[in-house]
Amino acid sequence: MNDVTLVELIEAELKSGLEHLTRMSEGEPSVVQEARRGARRCYDNIMERLPKVALSGKRRVDFLGKLAGFRSRLVLAGEEF
């Protein structure tokens, strides 16, 4: 798999993970738990693929900032790393 495809997959996982976290605010316990598991799966998928991608410069800084924010939201949702 080439870098462009991996970057697109990683960015799609980040977007999906953030959408899962947004659904957690719906309040239903079953929805909250499923959304939390989905967000964690997305995070794990990103971390598995990230070492295989060569991001450079501003794009790397931007992505790592977004990833840090995603991780922080996961921690606030109760995930442990």
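The values are calculated or read from the model by the stated rules, or taken from the named source; none is laboratory data. Source: prediction; values computed, not measured. Neighbour counts are summed over all protein chains in view; Cβ atoms, including those assigned to glycine, are modelled from backbone coordinates with ideal geometry.
Quick notes on this structure:
- On the stretch given as segment 11-52, residues that are touching a Cys at 6+ places or on another chain (Cβ under 6 Å) and among the hydroxyl-bearing types (S, T, Y) total 1.
- Checked against the criterion of being assigned to a helix (DSSP H, G or I), surrounded by 11 or more Cβ atoms within 10 Å (Cβ to Cβ) and at pLDDT below 95, the candidates L14, L67, L55, L6 yield just one match: L6.
- Residues in segment 17-44 that are hydroxyl-bearing (S, T, Y) and surrounded by 15 or more Cβ atoms within 10 Å (Cβ to Cβ): Y43 only.
- Selected residue (criterion: farthest from N2 (Cα to Cα)) from residues of segment 19-52 that are modelled with pLDDT of 95 or more and among the hydrophobic types (A, V, I, L, M, F, W, C): A39
- Pairs linking a residue in segment 53-67 that is within 17 Å of V4 (Cβ to Cβ) and touching a residue at least 12 places away in the same chain (Cβ under 8 Å) to a residue that is not in a helix (DSSP H, G or I) and not acidic (D, E), with Cβ atoms under 8 Å and 6 or more positions apart or on different chains, are F63/L55.
- Filtered residues of segment 70-81 (kept if exposed (fewer than 14 other Cβ atoms within 10 Å of the Cβ) and in a helix (DSSP H, G or I)): S72, V75, L76
- In segment 38-70, the residues that are among the polar types (S, T, N, Q) and closer than 14 Å to E11 by Cβ: N45
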